[in-house]
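Scroll down for the structure; my scribbles are underneath it.
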Amino acid sequence: MPLSRWDPASALARIENDVAGAAQHAHSTTVQTTTDGDDLVITVDGIDPSNVDVQVSGGRLTVRGQGGSSSSDSRDEGGAHFQSFSSSSSSFARSFSLPEGVDADDVVTEPSGNGVKIRIKNAA
């Protein structure tokens, strides 16, 4: 087996690349509220629409969900084989007070881009 010299610059470049990749997969959730005529629209981005639970109870709207990602990398370098795996997951929960008289029948949820859009009829 040939002797190879450790190159700190190459090692640092690999570490920086791995950290940048992890940062790219970091999960963030944003919430935006707007009005559309008499409707209040809440848009939640950065959450998997298939893992969202919206509930109306006691004058409150609660949105819960999960998001996450995973990645893997495999490469050969200098006669060595490198593999890396990373995953991230996060949960999200946010509650909103609803105007008096709004009930579950007034709330409509639909997928929207990288999240969900929740329309509350006659709440604005």
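Please treat every number below as a calculation from the coordinates, not as lab data. Bear in mind that the values here come from a model prediction, so they are computed numbers and not experimental data. Glycine gets a Cβ as well: all are built from the backbone with ideal geometry, and neighbour counts include every protein chain shown.
At-a-glance table
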{"item": "Theoretical gain in end-to-end length, SER95 to ASP39 [0.36 nm per residue, Cα-Cα removed]", "result": "18.4 nm"}
{"item": "Residue-count net charge about VAL107 - beta-carbon cut-off 10 Å; Lys, Arg +1, Asp, Glu -1", "result": "-1"}
{"item": "The stretch 33-39 - phi-based ³J(HN,Hα) in whole Hz, Karplus 6.51/-1.76/1.60, Gly and Pro as x", "result": "10, 9, 10, 9, x, 8, 9"}
{"item": "Length released on extending from SER57 to ALA104, taking residue separation times 0.36 nm less the Cα-Cα span", "result": "16.1 nm"}
